[in-house]
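Notes follow once the structure below has been shown.
The values are calculated or read from the model by the stated rules, or taken from the named source; none is laboratory data. The structure presented is a predicted model; accordingly, all values stated were derived computationally and were not measured. Neighbour counts run over all protein chains shown; Cβ positions are idealised from the backbone, glycine included.
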């Protein structure tokens, strides 16, 4: 009778034990959990540092703004005291210097382009005189004494309407003088204008005419 080999029996028992209790790797989950924890902590620390840095920047900016406001208030107070100590002649000189600064920032070529856009073909400019240049907030404005020549009263009235609808000019008719020569009879119209240059490019005659038609409707 053949007797089983002892080594063969041992191998069979070992295979049965491995099948019943398979190999389990208990180290890998803990390593992965530790890695996720380290990454989370690192991201949290980075965010905390950024938040702290942003907070410090905001506090520094607020402190700087507060200091600038105090300096502006102090300068205004000192300026008011200085103006109170000025003589009438010195005040007039100060006003004139402010006008000179406004005059340098005033675009005369822009004014002529805007006037050309609103003057119809039957009206011609005869004179223009600057009465005052001043600042209204962040805008430079000019008061103008403006004269035009025309034989067509309705054309002048239409021009005034177009000016007032443009948002650039405020026009008011001040007078009308009849003029005659050997060839024709015409009138010189005197207008008071307040000119406020618009931002951007000068309006074209077509755009100004469309604005006037829209206001009339």
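Of all the residues that make up the range 12-55, how many are at pLDDT below 55 and either in a helix (DSSP H, G or I) or surrounded by 10 or more Cβ atoms within 10 Å (Cβ to Cβ) (or both)?
Quick first cut of the range 12-55, residues at pLDDT below 55 only: 12-23.
In the following step, the residues that additionally are either in a helix (DSSP H, G or I) or surrounded by 10 or more Cβ atoms within 10 Å (Cβ to Cβ) (or both) were identified as 12-20.
Residues meeting the conditions: 9.
Confirm whether residue 217 is modelled with pLDDT under 70 and within 27 Å of the chain's Cα centre (by Cα). Walk me through how you get there before you give the answer.
Working: modelled with pLDDT under 70: yes; within 27 Å of the chain's Cα centre (by Cα): no.
So residue 217 does not fit the description; no.
Take residue 177 and decide whether it is modelled with pLDDT under 90, assigned to a strand (DSSP E or B) and more than 29 Å from residue 80 (Cα to Cα). Lay out the reasoning, then the answer.
Working: modelled with pLDDT under 90: yes; assigned to a strand (DSSP E or B): yes; more than 29 Å from residue 80 (Cα to Cα): yes.
So residue 177 passes the test.
Among the residues of the range 134-159, write down those that are exposed (fewer than 14 other Cβ atoms within 10 Å of the Cβ) and within 20 Å of residue 198 (Cα to Cα).
Pass one, the range 134-159, residues exposed (fewer than 14 other Cβ atoms within 10 Å of the Cβ): 134-139, 151, 153-154, 157.
Once the filter is applied, which keeps residues that are exposed (fewer than 14 other Cβ atoms within 10 Å of the Cβ) and within 20 Å of residue 198 (Cα to Cα), the range 134-159 yields 134, 135, 136, 137, 138, 139.
When you look at residue 129, is it out of contact with any helix residue (DSSP H, G or I) (no Cβ under 9 Å at 6 or more places or on another chain) and surrounded by fewer than 16 Cβ atoms within 10 Å (Cβ to Cβ), yes or no? Step through it out loud before you land on a result.
On the way: out of contact with any helix residue (DSSP H, G or I) (no Cβ under 9 Å at 6 or more places or on another chain): yes; surrounded by fewer than 16 Cβ atoms within 10 Å (Cβ to Cβ): yes.
Yes.
Mind telling me which of the residues 172, 131, 116 ends up being within 20 Å of residue 196 (Cα to Cα) and modelled with pLDDT under 90?
Numbers: 172 fails: modelled with pLDDT under 90; 116 fails: modelled with pLDDT under 90.
None of the other options fit; the residue is 131.
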